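The structure appears below as structure tokens.
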Amino acid sequence: MKVLYVSSEVVPFAKTGGLADVAGSLVPELQAQGADVSLFMPFYSAARRTVHNLEDTGARFQVTMGNDVVNGAVYKTRLPETKVPVFLLDAPELYGREELYTSDGVPYPDNAMRFIFFSRAVLEFIIANGLNVDVVHVNDWQSALVPVYLKTLYADRAELSGVRSILTIHNLSYQGLFWHFDMDLTGLDWSLFHWKRLEFYGKINFLKGGIVYADAVTTVSKRYAREIQTEELGCGLEGVLLERADDLTGILNGVDYTEWNPGTDKFTAANYSAGDLGGKVICKADLQRRLGLDEDANIPILGMITRLVEQKGVDLVADIFPKLMAMGVQLVILGSGEENYELQLRELAEEYPKQAAAVIAYDNALAHQIEAGADFFLMPSRFEPCGLNQMYSLKYGTIPIVRSTGGLADTVVHATPASLHRGRANGFVFNKATPNALLGCIKNAVQMFRENRTAYNGLQAGGMKQDFSWSRSAESYMSLYRKTSRQELKPV
Ligand code: ADP
């Protein structure tokens, strides 16, 4: 099975979000399971500093885009500590920049051109290099035009006749919307600027194109796969997704347990395991000391690590902040993002210096220390395609308190007498995205911590035993690759 995995970001070369982690961790696992898989990404300035042992593949091509002709070259390196080949698309005028998609928070004005070229370059490269690819696996809007090109502009290319395409959606709220005149840059016929194809409320929508044209579509949890077919979470694309329902599946992301493992974590004050939680007590005291909180093992700590955006339900936590303080818990928030949330959380925390800490930063070491030191972890997300922190929390014996949505709903089982009795419970789940629902759920969780330590320890033990490693996800992708590559090209 020969697979080209196309991603606009890959750890450790370039990262703005979860897609980079997925690409960097899933692809080596696919290789371990027997796929002949390579990565394809733009050669950004950031990647230039990280890449060693660069080889020239010799592939050169030109693409006409409107009045411009863009030249591409492809270089090759390997994903560090693996044998996975990484193909880097070089076009300095498009990718030779410090940031991936924005400058000072504003999208680059030529993003349409950058990612139209990226998508076409994937196919030009397969042709130029004679790669006999079975499946081209594209991700998010940045490469979503690849399936469109395969069935339109490049449909007659014999070198591509055996290639099937799979699109994975990591977050439906980012769609790659551009003004209609960029149709001229795509080289596609204007007849595709149609509501059944690429058009979306007068604009071009790259992700929509991918959904319509890909042979199979996946997203990062089963629940999210269902949710995006509804008006509530479909971001306007529920109609096209419903039409593809038979070819749409959810495959949960995995966790990199070499990095997130309380038994070997290098950032924490102590290590521990399900069999011996002594180290977790040390980590809790260390976290309290580090953040200037009262050092007391009996006070429950609620942790939260997140981008500070509406999606994550940060406003719900801010809303109940004083009530949480009145409950006598400690609250530790690590995050960065929208300025209004940053200011609000900082101000709230400053009112309760011994009980609350809001660290406005991106700090990986502190993220590990919070996972290890907290008793509970808050994820009151409005939507969550997969979510990683709840899975880290489970491994660290830190009980997740989550909203019932997306990957959170697929991984966290609410503690009820029945689920506890069956040994299936691993956390606390609430339904409505309201401050009261969150508060009520936290009250139940804290009550268990204070009054029923046996049940609380049972939750910890259950969660720590669970396995959300990449091998399971990779198996699901492998079987999808086999199924899709055997199928005839899906007509549009
Ligand atoms: P999303 O991809 O929507 O941001 P996920 O839960 O899937 O949410 O992944 C977020 C990842 O980013 C986690 O690994 C989390 O620990 C990390 N993270 C988010 N914010 C911070 C921060 N301020 N400091 C350190 N790590 C962070």
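The values are calculated or read from the model by the stated rules, or taken from the named source; none is laboratory data. Treat the numbers as computed from the prediction; the structure is a model and nothing was measured. Glycine also receives a Cβ, built like all others from the backbone with ideal geometry; neighbour counts cover every protein chain displayed.
Observations
- Test result for Ala270, in contact with a helix residue (DSSP H, G or I) (Cβ under 6 Å, 6 or more places away or on another chain), small (Gly, Ala, Ser), away from the ligand (no atom under 16 Å from the Cβ) and outside the structural domain of Gly17 (by TED's automatic domain parsing): yes
- Subset tally (residues that are at pLDDT 95 or above and either within 28 Å of Ser473 (Cβ to Cβ) or acidic (Asp, Glu) (or both)) for segment 26-67: 21
- Residue in segment 244-257 that is of a type in the set (A, V, I, L, M) and away from the ligand (no atom under 16 Å from the Cβ) present: yes
Residues are listed down the side, and each one gets a yes or a no for (1) among the β-branched types (Val, Ile, Thr); (2) within 16 Å of Val6 (Cβ to Cβ); (3) at pLDDT below 95; (4) under 21 Å from the mean Cα position of the chain (by Cα):
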{"residue": "Phe115", "(1), (2), (3), (4)": "no, yes, no, yes"}
{"residue": "Arg120", "(1), (2), (3), (4)": "no, yes, no, no"}
{"residue": "Leu131", "(1), (2), (3), (4)": "no, yes, yes, no"}
{"residue": "His137", "(1), (2), (3), (4)": "no, yes, no, yes"}
{"residue": "Gln142", "(1), (2), (3), (4)": "no, yes, no, yes"}
{"residue": "Ser165", "(1), (2), (3), (4)": "no, yes, no, yes"}
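- Within segment 382-399, restricting attention to residues that are more than 8 Å from the ligand (Cβ to nearest atom) and closer than 18 Å to Asp21 by Cβ, the residue that is surrounded by the fewest Cβ atoms within 10 Å (Cβ to Cβ) is Lys395.
- The helices (runs of 4 or more DSSP H) found entirely in segment 400-477 that carry 2 or more residues being of a type in the set (S, T, N, Q) are 435-451, 453-465.
- Sole residue being more than 16 Å from the ligand (Cβ to nearest atom), at pLDDT 95 or above and within 29 Å of Asp21 (Cβ to Cβ), chosen from Lys280, Lys323: Lys280
- Selection of first residues in segment 354-372 that are closer than 18 Å to Leu308 by Cα and of second residues that are polar (S, T, N, Q) and within 9 Å of the ligand (Cβ to nearest atom), restricted to Cβ pairs under 7 Å at least 6 apart or on distinct chains, gives the following pairs, ordered by first then second residue: Ile360/Ser336; Ala361/Ser336; Tyr362/Ser336.
- Residue satisfying condition, being touching a helix residue (DSSP H, G or I) at 6+ places or on another chain (Cβ under 7 Å), at pLDDT 95 or above, basic (Lys, Arg) and closer than 23 Å to Gly254 by Cβ, within set Lys151, Lys208, Lys222: Lys222
- Among the criteria (1) within 16 Å of the ligand (Cβ to nearest atom); (2) crowded, with 16+ Cβ neighbours inside 10 Å; (3) in the same structural domain as Asn444 (by TED's automatic domain parsing), the one Arg307 does not fulfil is (2).
- Residue count for segment 7-21, restricted to those that are more than 18 Å from Val51 (Cβ to Cβ) and touching a strand residue (DSSP E or B) at 6+ places or on another chain (Cβ under 8 Å): 1.
- Residues satisfying the stated conditions in segment 224-241, i.e. more than 14 Å from the ligand (Cβ to nearest atom), under 19 Å from Thr405 (Cα atoms) and outside any loop (DSSP other than H, G, I, E, B): Ala225, Arg226, Glu227, Glu238, Leu241
- Some residue of segment 415-435 being under 27 Å from Ala269 (Cβ atoms), under 21 Å from the mean Cα position of the chain (by Cα), surrounded by 18 or more Cβ atoms within 10 Å (Cβ to Cβ) and free of Cβ contacts under 8 Å to residues at least 60 places away in the same chain: no
- Index of the failed condition, Gly187 passing every other in (1) among the small types (Gly, Ala, Ser); (2) within 19 Å of Phe118 (Cα to Cα); (3) buried (at least 16 other Cβ atoms within 10 Å of the Cβ): (3)
- Helices (runs of 4 or more DSSP H) within segment 1-118 that include 3 or more residues out of contact with any helix residue (DSSP H, G or I) (no Cβ under 6 Å at 6 or more places or on another chain) and in contact (Cβ under 8 Å) with a residue 24 or more places away in the chain: 18-32, 45-50
- Looking at Thr264, Thr258, just one residue is farther than 18 Å from Ala374 by Cα and surrounded by fewer than 16 Cβ atoms within 10 Å (Cβ to Cβ), and that residue is Thr258.
- Top-ranked residue of segment 310-320 - restricted to ones that are within 16 Å of the ligand (Cβ to nearest atom) and among the β-branched types (Val, Ile, Thr), ranked as surrounded by the most Cβ atoms within 10 Å (Cβ to Cβ): Val314
- Here Glu351 meets each of (1) modelled with pLDDT of 95 or more; (2) away from the ligand (no atom under 13 Å from the Cβ); (3) over 21 Å from Leu324 (Cα atoms) with one exception, condition (3).
- Tally, over segment 333-348, of residues that are of a type in the set (A, V, I, L, M) and more than 12 Å from the ligand (Cβ to nearest atom): 2
- When we screen Ala374, Ala358 for residues that are away from the ligand (no atom under 12 Å from the Cβ) and not β-branched (Val, Ile, Thr), the only hit is Ala374.
- For the residues Arg290, Arg226, the requirement of being touching a residue at least 60 places away in the same chain (Cβ under 8 Å) and surrounded by fewer than 21 Cβ atoms within 10 Å (Cβ to Cβ) singles out Arg290.
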